[in-house]
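Notes for the one structure printed next.
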Amino acid sequence: MTDSPRSISPDTVLPRIFKAAGRLTAAATIVFLCSVGVFPFYWMFVTSIRPQTEIFEFPPQILPSADSVFEPYLRLFDETDLGSWLLNSAGVSVGTAFFACLFGAMAAYILSRFRFRGREASQVVLLMTQMFPAILLALPMFVVFSRLGLLDSLFGLSLAYLAFLVPVAALLLKAFFDAIPVELEEASMIDGASRIGTLFRITLPLSLPGLASTFLFCFIISWDEFLFARMFIRQPDNWTVSLGLASFSGEFVTPWDQVMAAATIITLPAAVIFLALQRYLVRGLTSGGVKG
Amino acid sequence: MATARLEKVTKYYPDHLAVDHIDLDIAEGEFLVLVGPSGCGKSTTLRMIAGLETISEGDIWIGDRRVNHISPRHRDVAMVFQNYALYPHMNVYMNLSYSLRLRRVAKAEIDVLVHKVAGSLHLTGLLGRKPGQLSGGQRQRVALGRAIIREPKLFLMDEPLSNLDAKLRVQTRSEITRLQRQLGVTTVYVTHDQSEAMTMGSRIAVMNNGKILQTDVPRDLYSNPANVFVAQFVGTPPMNLLTCQMDKVAGSPRLLGECVNISCPEYAAERLAEAGERFLVGFRPEDIEIAGDDPGVGFGGAVKAVEDLGHELLITVSEGSTQFIARLPPTVAERVRLGDKIGFTVNSSRLRFFDTRNEQAITVG
């Protein structure tokens, strides 16, 4: 007998079945959670290419329509100022994220590396800036900004965002700086670098993951922001994407296909940046979070 | 190459005194080891020499320059850190050449120097690797290389061996000593390990509680400790210290106490009589010889523990609340049994005496 069948007994088979069932359950859970997350985006895209007549069909069609149309996308650029909204938003978001990282990094470095009177207190204050509802701050800021002539300007809007985001960036980056051993900086200074030189040669390169995730965080917050944009910006020329999108909903009609097409286009830049920085982001979130 | 001098150097922290008015003269080309238990201020002292800590009081001189307010990068010192502090985002080549690149040395010259240093430390094949891809011993060598490539005035080393395993530590120990002798660069080396200090240092400064207790060459430190702390810190096992007092028995002075019944050496009698009623007599475990069954004189007691290390026996002998350790050749192994009474003779020139009140050595003869 060369190939005798291996003995099959409940003792050996049952654990395997349980193991397989366990994995299957885990996989099913992951797929379910992912689809919950992805479905709105899917629905957004599918609706955007559905012919207007089919949008309100009942029961709704899950699959894309057979007569899919891409014409809303073309109409968007022809009939609306989507292009300039995108440019405005890109300018505001990139600028805000850049300066939030720059100023945040400076504050974070001081908080992380120097011992001075009021160090603990200033961290608490930074945290407290995040505790107020936005609308509570928006009103006084509106008054101040109008006195300063900063209303209706993208620069002013950026400034308003920075007021919120610099403290967040500082706290995020402090955690990253804290995770970099001080000895590296000391070694560099003994090796002949100045403190600033050390910051640029050693500390910042090592905190790239942290900078990337902070940049991304600030970018997405300012890309999505609506309340401040609504209050501070009047002229359609200065609209950001969130204002532009809101302008679609009319008193009598809302062109849902165009809304969804615009939403799809607006989501794309954030998604692209997210994917580009994802490598750093995952490393950054773990390396900064797990200290020591 | 340079000398270094510390004058009344002191470091206060808000809640404690870390370094307490220490004076230290380091000669050109010397390998000075700062040794002491953790928290004794040795690392703080080293960091003050490097310029990483400010000096609360006193002066530090490197060569003939007072460096109190000179930044680390202008002191021309190189430091090896306990955790190596290699730049993780640079490969070995970039790590080694970092200080040269900062000094804008010509590329060709850097290349020559890096290869020379890498060759002497067996790192040539690893120049392209990042620190994360190196073993502990290799990282250690890169850290050393980064220090020697600059030919600085002073080497400062802060427990550079404590992250290595025991075998590698012994190897690297001799490697570092060899490099230091070869380069002749004045070195200050911090460790808490007294055997490291004894084997590496050309001179050793023992620190405790922010003070330097004794600075001496290893041999003198071992045989003539200046106080009880040094006597017990240096040597494994440490120096035996037994409390005793002097009594006249039949006209001649004797030292008596638990485990102790010896005739007082003549040269010491007068000085000891002045030192007070009770004092400590000290001797190294290898300075006594077995005298057979308890003769009643010499050092003696019951055998409490025997450790056979193969090349030697360590025997713990006790009487009452006192105990001492004897280091004996393995040949006597059969004669020593647990619980036996046992006596030892001592060459009285090997005895050291300490005051019980201030714990300082009593100089006799």
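Readers should treat all values here as calculations from the given coordinates under stated rules, not as data from a laboratory. This structure is a prediction, so every number in the text was calculated from the model and none was measured. Don't worry about glycine lacking a Cβ; one is built from the backbone with ideal geometry, like all the others, and counts go over all protein chains shown.
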Listed with the fewest Cβ neighbours within 10 Å leading, B:153, B:11, B:116 appear as B:116, B:153, B:11
Residues of segment B:20-39 with backbone N under 17 Å of the label point set 7 Å from the Cα of residue B:359 along Cα→Cβ are B:20, B:35-39
Once Lys and Arg are counted +1 and Asp and Glu -1 for all other residues with Cβ under 12 Å from that of residue A:73, the total becomes -3
Using a simple charge model, +1 on the beta-carbon of Lys and Arg, -1 on the beta-carbon of Asp and Glu, nothing else, what dipole does the protein assembly as shown show about its Cα centre, in debye to the nearest 20? 960
Calculated from DSSP H runs of 4 or more alone, at -39500 (n - 2.57) each and per residue, what is the 222 nm mean residue ellipticity of chain B, nearest 500? -7500 deg cm²/dmol
Grab the beta carbon distance between residue A:68 and residue A:237, set R0 = 35 Å, and tell me the FRET efficiency rounded to 0.05. 0.55
Output for segment A:105-212: trypsin sites (Lys or Arg not before Pro) sitting in coil per DSSP, at most 15 other Cβ within 10 Å, listed by number, reads A:115, A:117
Compute, for chain A, the length of the dipole vector about the Cα centre, with Cβ point charges of +1 (Lys, Arg) and -1 (Asp, Glu) only. Units Debye, rounded to 20. 1300
Within segment A:45-68, find all residues whose amide N lies under 17 Å from a label point positioned 7 Å from the Cα of residue A:39 along Cα-to-beta-carbon. A:45-47, A:59-64
Based solely on C-alpha atoms, express the radius of gyration and the Dmax of chain B in angstrom. 24.9, 84
Between segment B:76-143 and segment A:82-99, how many Å separate their Cα centres? 43
Using the eigenvalues of the Cα gyration tensor, what equivalent ellipsoid semi-axes result for segment B:221-365 when each is taken as the square root of five times the eigenvalue, whole Å, largest first? 25, 18, 12
Based on other C-beta atoms within 10 Å, arrange A:92, A:31 from fewest to most. A:31, A:92
Excluding residues on the same chain fewer than 8 positions from residue B:8, give the aspartates and glutamates whose Cα lies under 15 Å from its Cα. B:20, B:23, B:25, B:57, B:59
By counting other Cβ atoms within 10 Å of each Cβ, how are B:101, B:178 ranked from fewest to most? B:178, B:101
For chain A, average projected area of the Cα convex hull in nm²: 28.4
Could you give the nm distance between label points at residue B:348 and residue A:271, where each point is 7 Å from its Cα heading toward the beta carbon? 9.7
Positive dipole terminus of segment B:302-365, leading residue within B:361, B:339, B:302 (C-beta point charges): B:361
Please give me the summed charge of the neighbours of residue B:126: other residues whose Cβ is under 11 Å from its Cβ, Lys and Arg +1, Asp and Glu -1. +4
With Cβ to Cβ distances under 9 Å as the rule, what net charge do the other residues near residue B:314 carry (K, R +1; D, E -1)? -2
Cα pair distances in segment A:148-196, grouped into 5 Å bins until the bin that holds the longest one, percent each: 5, 17, 14, 12, 12, 11, 10, 9, 7, 4, 0
Cα convex hull of the protein assembly as shown: mean projected area in nm², to one decimal? 52.8
If I require 30 Å or longer along the helix axis, counting alpha carbons, and a Kyte-Doolittle average no lower than -1.0, what helices from chain A are left? Use full DSSP H segments. A:10-48, A:82-113, A:154-178, A:256-289
What dipole magnitude, in Debye to the nearest 20, does segment B:258-365 give about its Cα centre under +1 on Lys/Arg Cβ and -1 on Asp/Glu Cβ? 100
Looking at this model, which pairs from B:42/B:167; B:42/B:153; B:107/B:153; B:42/B:304 are more than 27 angstrom apart at the alpha-carbon? B:42/B:304
Chymotrypsin sites (Phe, Trp or Tyr not before Pro), restricted to segment A:108-157: which are DSSP loop and have at most 15 other Cβ atoms within 10 Å? A:114, A:116
Rounded to the nearest 500, what is the 222 nm mean residue ellipticity of chain A from helices alone, with -39500 (n - 2.57) per DSSP H run of 4+ residues and division by all residues? -24000 deg cm²/dmol
Given charges at Cβ of Lys, Arg, Asp, Glu: the protein assembly as shown dipole, positive-most of B:156, A:273, A:126: B:156
Calculated P(r) of segment A:89-207 - Cα pairs past 17 Å, %: 63
